[in-house]
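Below: one structure, written as structure tokens.
The values are calculated or read from the model by the stated rules, or taken from the named source; none is laboratory data. None of the values given here were measured: they were computed from a predicted structure. Glycine also receives a Cβ, built like all others from the backbone with ideal geometry; neighbour counts cover every protein chain displayed. Protein only, heavy atoms only, side chains kept; ligands, DNA and RNA dropped before computing areas. Shrake-Rupley method; radii C 1.70, N 1.55, O 1.52, S 1.80 Å.
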Amino acid sequence: MLFRSTNGGTSSSFCYGNINEITATTANFITPLVLDPNNALRLYAGASSLWRTDNARAASVTWSAVKPAIGSKISAVAVAPGNSNLVWVAHNDGRVFKSLNATAATPVWTAVDDNAALDPLPGRYVTRLAIDARDNNVVWLTFGGFASGNVRVTRDGGATWQDASGVGNRRLPDAPVNCIVVHPDDSNVVYIGTEVGVFASDDGGQHWSANNDGPNNAPVEQVTFEIGSRKLIAATLGRGLWTCLVQRPELSTFGTPCAGQVLPPRIDCDPLAPARIGQTMVWTGSALQPNAFAFLAMGLSNTAWSGGTLPTDLGFVGMPGCPLLVRPDTTPLAFADATGAVRYPFAIPSDSSYLGMVLFGQWIAQDPAANAQGLAVSAGLRVVVGR
């Protein structure tokens with residue numbers, strides 16, 4: 001059954017109008033209901049057929065069947081952000097179709113997976129579809145079932161597919177994936193709801209991590225972003241509704257290393273260990289002297305230090321042309337390996353007040369040929385703590 005509220009949820013009423021597929025034999029217990037993100041009046045409902053209305057706010061909603069039944073109920077529907085004519089539909093048995101003229105009176109549907117000659121995907125229940133807003137050729141698909149490979153992605157409109165369930169100890173558990181959403185600001189960042197909680201990937205599904213401080217490992221039926229904000233909403237089965245302001249960790253370099261250095265030290269942050277509250281970020285360095293020592297100047301400012309301004313030339317300590325870019329609130333010692341790479345882990349407290357905090361870092365590394373002090377500096381790295 002389809003319901004609609006016109007008063008913010010205080011009450012609701014049926015809105016299935018003339019849809020005649022409203023029984024358990026013709027529609028799933030939970031039917032997919034999708035609003036066109038480009039047109040607030042256009043709504044899709046999946047039963048055995050795909051139904052569409054273009055007057056979702058009318059007093060009496062009328063529907064048209066725009067995709068005929070194929071013998072398997074519709075389990076997922078997605079409309080492309082920015083292109084109402086691109087609609088994907090998936091079925092209980094794993095068949096997947098798309099239309100390039102979905103707003104037409106009689107759209108043309110092309111099989112992406114027909115469980116026959118075209119069969120790139122597992123033949124099991126498709127729980128959700130998500131089309132990337134930045135590139136509509138990128139489509140995410142999730143499966144139910146206690147099996148491996150429950151997240152798949154295509155980057156060429158369905159011609160080829162990759163398993164996006166992760167690798168090694170950063171792979172997803174073999175549990176049903178119920179829902180998926182792509183971060184509005186970063187197409188590589190994806191969130192899923194599973195039977196054992198919420199998982200996130202920062203690198204397009206290569207690695208996944210869980211942070212279930214809220215719903216813990218409860219089944220999550222829906223994840224979505226609040227319209228116009230970066231508030232992630234997770235709806236669970238039995239543990240209520242949870243929200244989280246998802247501020248992404250940010251990185252940007254600034255300043256310059258020592259003047260005249262051909263290969264100065266470089267500073268970065270491990271992309272698999274970014275600056276997140278409650279986790280350990282890892283500062284990294286490269287192009288250091290093999291097996292050399294290095295200090296990480298780390299602080300909360302890149303504008304002032306010891307009553308003066310930054311940057312300041314370190315010529316007064318025998319390092320002319322080398323700028324100090326960061327207030328050295330702390331300067332831990334680390335050692336490079338034989339390849340000249342160095343890592344320094346830094347734990348960020350599990351405290352929401354740290355969200356948005358800005359950290360600054362700069363390597364001061366051993367380099368006997370650099371100057372009288374035998375030290376060289378990298379550029380600076382500005383890090384914004386996220387979650």
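Worth pointing out:
- Among the residues examined, residue 278 qualifies as part of a loop (DSSP other than H, G, I, E, B) and under 30 Å from residue 166 (Cα atoms).
- Which numbered condition residue 310 misses (of (1) closer than 23 Å to residue 270 by Cα; (2) surrounded by 14 or more Cβ atoms within 10 Å (Cβ to Cβ); (3) touching a Ser or Thr at 6+ places or on another chain (Cβ under 9 Å)): (1)
Here is a yes/no grid of residues against (1) under 15 Å from residue 242 (Cβ atoms); (2) modelled with pLDDT under 90:
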{"site": "173", "(1), (2)": "no, no"}
{"site": "178", "(1), (2)": "yes, no"}
{"site": "185", "(1), (2)": "no, yes"}
{"site": "195", "(1), (2)": "no, no"}
{"site": "199", "(1), (2)": "yes, no"}
{"site": "202", "(1), (2)": "no, yes"}
{"site": "216", "(1), (2)": "yes, yes"}
{"site": "221", "(1), (2)": "yes, no"}
{"site": "225", "(1), (2)": "yes, no"}
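- Here is the figure for the range 131-151: residues that are buried (at least 22 other Cβ atoms within 10 Å of the Cβ) and either touching a Phe, Trp or Tyr at 6+ places or on another chain (Cβ under 9 Å) or at pLDDT below 95 (or both) total 6.
- Scanning the range 226-236 finds no residues that are more than 28 Å from residue 134 (Cα to Cα) and surrounded by fewer than 18 Cβ atoms within 10 Å (Cβ to Cβ).
- Taking the range 184-200 as the range and being within 25 Å of residue 112 (Cα to Cα) and either open to solvent by less than 60 Å² (accessible area, probe 1.4 Å) or in contact with a Lys or Arg (Cβ under 9 Å, 6 or more places away or on another chain) (or both) as the test, the residues that pass are 187, 189, 190, 191, 192, 193, 194.
- Output for the range 269-293, where each listed residue is surrounded by fewer than 17 Cβ atoms within 10 Å (Cβ to Cβ) and charged (D, E, K, R): 270
- Among the residues of the range 354-365, the ones that are farther than 16 Å from residue 280 by Cα and open to solvent by 60 Å² or more (accessible area, probe 1.4 Å) come to 0 in all.
- Among (1) in contact (Cβ under 8 Å) with a residue 40 or more places away in the chain; (2) among the hydrophobic types (A, V, I, L, M, F, W, C); (3) buried (at least 19 other Cβ atoms within 10 Å of the Cβ) - the single one residue 167 does not satisfy: (3)
- The set of residues in the range 309-361 being part of a loop (DSSP other than H, G, I, E, B) and touching a helix residue (DSSP H, G or I) at 6+ places or on another chain (Cβ under 9 Å) consists of 348 alone.
- Scan of the range 284-308 for residues that are modelled with pLDDT of 95 or more, in a loop (DSSP other than H, G, I, E, B) and among the hydroxyl-bearing types (Ser, Thr, Tyr), ordered by number: 301, 303
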